[in-house]
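This report refers to the structure that appears directly beneath it.
The values are calculated or read from the model by the stated rules, or taken from the named source; none is laboratory data. No experiment lies behind these values; they were computed from the predicted model shown. Positions of Cβ are backbone-derived with ideal geometry, glycine not excepted, and every protein chain shown enters the neighbour counts.
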Amino acid sequence: MTRVHAYAAPREAAPLEKTVIERRELGPHDVLIDIAYAGICHSDIHTVQGDWGPQQYPLAPGHEIAGTVAAVGSEVTAHAVGDRVGVGCMVDSCGACDSCLRGQEQFCAEGAVFTYGSTDRDGTVTQGGYSEQVVVTESFVVRIPDALPLDAAAPLLCAGITTYSPLRHWKVGPGTRVAVVGLGGLGHMGVQIAHALGAHVTVLSQTLSKKDDGLRLGADDYRATGDPATFRELRGSFDVILNTVSAVVDLRAYLGLLATGGTMVCVGAPGEPLALNVGSLIGGNKTIAGSNIGGIRETQEMLDFCAEHGIAAEIEVIPASAINDAYDRVLASDVRYRFVIDAKTFGA
């Protein structure tokens, strides 16, 4: 085992602390990555606070990882020392079920091994990217194009693929009318990607406080959901609504914004159930759906697409010592639009 500096939650809902964690020795198909940057995702906060169920502590979160290859196993062919690489939400899967063979490892029949808080194939608990190094099997390591700075690329490994995958699945392109609910860590990526795909993009946010940002990122229109006129004026306007917020919303009101045959896709995960009147779907042959990240092949496709179109996360880089303050600011919606930790500071 290799010991590396990290930040981890020692118990449920506790502040993260500087610590040391163990990484497995390099196997023949493994890649050792020197982490340069790790993004902070709202999922990290939910997980370490126990919002999504009990965890095994201490737990180092982080599934938006960007860095360079430090060493490779004897049988690795896809990556070489010095390569710019990333790791997202998964680090392994069975590789043999129908989902894995379709390139949708996130739906692995045996259960994908997630980057942290998951039981690895050797029975240990995975530890995430809030650390100096990580060891990952080569097939779950993606290439970061040279056109993408590593710090701004890190959040693409979760926020980027979480929004790219549903937009591609529902065939968003020229002529598609898309609404993005929320301009946060996910939403600001969804706006950029939908715009680059050629869609007409409207941001639906509680207020107009981020309107200038939304228009700069590629939105064609920006409306406040706190204004009842928004739901009257935009009724039946959208082919796809991408709901990025992790809060309870009035589904009836939002489904009313869909055109006939339209789809509302939820990528945020509120802690409480959403109430649905089926009549809101029947009345217009509408659909409400969910989407959960994307497979490794699609994640690479997303990175290449973002590099081609000049898309990256808008970030605030912080030292590891500021993680707990950053968590508080995320909960207060005080970030535009993703915190990224400088991994050089984990051992400071």
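If Y222 meets every condition in (1) more than 21 Å from C306 (Cβ to Cβ); (2) surrounded by fewer than 18 Cβ atoms within 10 Å (Cβ to Cβ) apart from one, which number is that one?
(2)
State all residues of the stretch 185-233 that are more than 24 Å from R168 (Cβ to Cβ) and in a loop (DSSP other than H, G, I, E, B); if no residue qualifies, say none.
Across the stretch 185-233, the qualifying residues are Q206, T207, L208, S209, K210, T225, G226, D227.
Mind telling me which of the residues G279, G261, G271, G284 ends up being surrounded by 13 or more Cβ atoms within 10 Å (Cβ to Cβ), outside the structural domain of G111 (by TED's automatic domain parsing) and of a type outside the set (A, V, I, L, M, F, W, C)? Before the answer, list the steps.
Numbers: G279 fails: surrounded by 13 or more Cβ atoms within 10 Å (Cβ to Cβ); G261 fails: surrounded by 13 or more Cβ atoms within 10 Å (Cβ to Cβ); G271 fails: surrounded by 13 or more Cβ atoms within 10 Å (Cβ to Cβ).
Among G279, G261, G271, G284, only G284 is surrounded by 13 or more Cβ atoms within 10 Å (Cβ to Cβ), outside the structural domain of G111 (by TED's automatic domain parsing) and of a type outside the set (A, V, I, L, M, F, W, C).
Of the conditions (1) in contact with a Phe, Trp or Tyr (Cβ under 9 Å, 6 or more places away or on another chain); (2) outside any loop (DSSP other than H, G, I, E, B), P61 clears all except one; give me its number.
(2)
Any residue that is of a type in the set (K, R) and within 19 Å of V330 (Cα to Cα) - is there at least one of those in the stretch 166-175? Break it down stepwise before answering.
Going residue by residue through the stretch 166-175, those that are of a type in the set (K, R) are 168, 171.
So of that shortlist, the ones also within 19 Å of V330 (Cα to Cα) come out as none.
Within the stretch 166-175, none of the residues are of a type in the set (K, R) and within 19 Å of V330 (Cα to Cα).
Can you work out which of the residues in the stretch 46-83 that are among the β-branched types (V, I, T) and in contact with a Pro (Cβ under 8 Å, 6 or more places away or on another chain) is farthest from P10 (Cα to Cα)? Don't jump to the end; show me each part of the working.
Kept after step one, since they are among the β-branched types (V, I, T), are these residues of the stretch 46-83: 47-48, 65, 68-69, 72, 76-77, 81.
Subset that is in contact with a Pro (Cβ under 8 Å, 6 or more places away or on another chain): 47-48, 76.
Values: T47: 13, V48: 9, V76: 34 Å.
Step by step, filter the stretch 46-83, then rank; the result is V76.
Among the residues of the stretch 174-186 satisfying the criterion of being farther than 10 Å from T244 by Cα and touching a residue at least 40 places away in the same chain (Cβ under 8 Å), which is surrounded by the fewest Cβ atoms within 10 Å (Cβ to Cβ)?
So in the stretch 174-186, the residues farther than 10 Å from T244 by Cα come out as 174-179.
Checking the rest, the ones that are also touching a residue at least 40 places away in the same chain (Cβ under 8 Å) come to 176-179.
Numbers: T176: 18, R177: 22, V178: 27, A179: 28.
Taking the candidates together, the pick is T176.
May I ask you to list the residues in the stretch 308-343 that are free of Cβ contacts under 8 Å to residues at least 40 places away in the same chain, under 16 Å from A154 (Cα atoms) and either among the acidic types (D, E) or not assigned by TED's automatic domain parsing to the domain that holds G129 (or both)?
E316
Within the stretch 84-100, can one find any residue that is in a loop (DSSP other than H, G, I, E, B), of a type in the set (G, A, S) and under 25 Å from V340 (Cβ atoms)?
Initial filter on the stretch 84-100 (in a loop (DSSP other than H, G, I, E, B)): 88-89, 93-97.
In the following step, the residues that additionally are of a type in the set (G, A, S) were identified as 88, 93, 95-96.
Adding the requirement that they be under 25 Å from V340 (Cβ atoms) leaves 88.
Yes - at least one qualifying residue is present in the stretch 84-100.
Test of understanding: among D34, D44, which residue is within 25 Å of I315 (Cα to Cα) and either free of Cβ contacts under 8 Å to residues at least 24 places away in the same chain or part of a helix (DSSP H, G or I) (or both)? Write out each step before concluding.
Working: D34 fails: either free of Cβ contacts under 8 Å to residues at least 24 places away in the same chain or part of a helix (DSSP H, G or I) (or both).
From the options D34, D44, the qualifying one is D44.
Out of the stretch 245-258, which residues are more than 17 Å from E272 (Cβ to Cβ) and either buried (at least 20 other Cβ atoms within 10 Å of the Cβ) or touching a residue at least 40 places away in the same chain (Cβ under 8 Å) (or both)?
The answer is L255, L257, L258.
Which ones in the stretch 203-235 are closer than 26 Å to I40 by Cα and among the polar types (S, T, N, Q)?
S205, Q206, T207, S209
Okay, residues lined up against (1) within 20 Å of A313 (Cβ to Cβ); (2) in the same structural domain as D44 (by TED's automatic domain parsing); (3) touching a Phe, Trp or Tyr at 6+ places or on another chain (Cβ under 6 Å); (4) not β-branched (V, I, T):
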| residue | (1), (2), (3), (4) |
| --- | --- |
| K171 | no, no, no, yes |
| V181 | yes, no, no, no |
| H188 | yes, no, yes, yes |
| V203 | yes, no, yes, no |
| Y222 | yes, no, no, yes |
| P228 | no, no, no, yes |
| F238 | no, no, no, yes |
| T244 | yes, no, no, no |
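Starting from the stretch 187-207, take each residue that is touching a residue at least 24 places away in the same chain (Cβ under 8 Å) and list its partners that are charged (D, E, K, R) and not in a loop (DSSP other than H, G, I, E, B), counting only C-beta distances under 6 angstrom and pairs at least six apart or across chains.
The qualifying pairs are H200/R177; T202/D221; L204/R223.
Within the stretch 1-56, track down each residue that is over 14 Å from G347 (Cα atoms), within 23 Å of the chain's Cα centre (by Cα) and among the hydroxyl-bearing types (S, T, Y).
S43, T47 - these are the residues of the stretch 1-56 that are over 14 Å from G347 (Cα atoms), within 23 Å of the chain's Cα centre (by Cα) and among the hydroxyl-bearing types (S, T, Y).
Among the candidates A78, A66, which residue alone is in a loop (DSSP other than H, G, I, E, B) and not hydroxyl-bearing (S, T, Y)?
On the way: A66 fails: in a loop (DSSP other than H, G, I, E, B).
Criteria check complete, one pass: A78.
Go through the stretch 69-100 and count every residue that is surrounded by fewer than 16 Cβ atoms within 10 Å (Cβ to Cβ) and of a type in the set (V, I, T).
Count: 2.
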